[in-house]
Structure formats: structure tokens, C-alpha cells
């Protein structure tokens, strides 16, 4: 298992150049040789999303008050603890709710093995995890993996070599 601290990730401009994202992990190389990828993004202004044809996207409010995503003309209010799914070639515009926020984004290409985000809270046991990310409802999340205790700060990730079961001792996490 590897702990990846959010503060150590390198900022990379969005495909459309209108924002910044931080890669957590993917199964190939960037920018285009992957079938799935997981990243965080800072949303600091009302902004359109980049287009990713042939991709299913899952969007989770990881820190902050959230956004209203207008997806093909339909508003979706995205608040902490919500996951919104849409197609990568949908026309998406984000309008902030009460200030900047950070999102967790999972992208999976069509035809790839299905993956999805799951949320975990205090007391939950989560099976078959490959990645765990601490979300922003508290300053840290504490996990028990086998007999090891692991503490993650907001947006830190824990990446496993094989599917793992863990217990959420404190905080809120997202897993794939």
C-alpha cells in the first residue's frame, strides 16, 4: 500500500485550459493512453468542463460547498457526499455554490472494466478497494487496513497493489 499526499501532486491544466487538476492514478500514461483515471480538480470559478468523448465520468464533491452542474441543459445540484454521473461528451457547465470547491473525478473509457466511486463513513467496512481518498467533511480520515492504522488528510489517497478490505474509523472517504 502507498500513501499519496495531496500536497505532493503536480497541478496540470485541464484539457480545455480553464482549470487545474491533480492526477491520483490511472492505468496507463497521460494524456491519452488510459482506460480509467482518477483525479481531483480545483473549481475556483464558474466554468465549462472539458470534453472527453467515449468516457463515463463520475463527479464527487470532495471539499467545499459544491456546484450546480448543468449537463446538456439540465441542472444537477452537487453537494458534499454526492456523486453525479454523466458522459464525457455531454456539455457541462459548473456554477459554484458559495465559493471554490474541489472535486474528485473518475473517468472510465467505454469498453473498459466497470469502475465506480463508493462513499464510506465512520464504522463502515469496505470490501474490494483499490484506491481510497479522504474527503473534506473533516480535516482527516482514519482507516484500519488489516491491523495497520492509516491517517489521511483531505484529498490524500491510499493506493493498494491488490483489492483490499478496510474499516473507516473516522472521517469520510471515497473508494474505487
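Every read-out reported here was derived from the displayed coordinates using simple, explicitly stated rules and does not represent laboratory data. Bear in mind the structure is a predicted one, so any value in this text is a computation, not a measurement. Note that we place each Cβ from the backbone using ideal geometry, even for glycine, and neighbour counts take in every protein chain shown.
Available extension along the chain between residue 128 and residue 25 is 35.4 nm, counting 0.36 nm per residue and deducting the alpha carbon span.
Note the full-extension length gain between residue 113 and residue 167 as 0.36 nm times their separation in residues minus their Cα-Cα distance, in nm to one decimal.
Separation in residues times 0.36 nm, less the Cα-Cα distance, equals 16.9 nm.
Spread over its residues, the convex hull of the C-alpha atoms of region 9-109 is 85 Å³ per residue.
Once C-alpha pairs closer than 8 Å and six or more residues apart are averaged by separation and normalised to the residue number of region 9-109, the relative contact order reads 32 percent. Here are some values of mean projected area of the Cα convex hull in nm²: [x] 13.9; [y] 12.9; [z] 9.3. Which one was computed from this structure? Among [x] 13.9; [y] 12.9; [z] 9.3, the one calculated here is [z].
The relative contact order of the chain comes to 23 percent, based on Cα pairs under 8 Å that sit 6 or more residues apart. Here region 121-160 and region 82-120 have alpha carbon centers that stand 20 Å from each other. Taking every C-alpha pair closer than 8 Å and separated by at least 6 residues, the mean separation divided by the residue count of region 118-175 gives a relative contact order of 53 percent. Each of 118, 37 was scored by other Cβ atoms within 10 Å of its Cβ. Listed from fewest to most, they are 118, 37. Annotation for residue 159 and residue 72: the two label points, set 7 Å from Cα along the Cα-Cβ direction, are 3.3 nm apart. The value obtained for region 118-175, namely the Cα convex hull volume divided by the number of residues, is 61 Å³ per residue.
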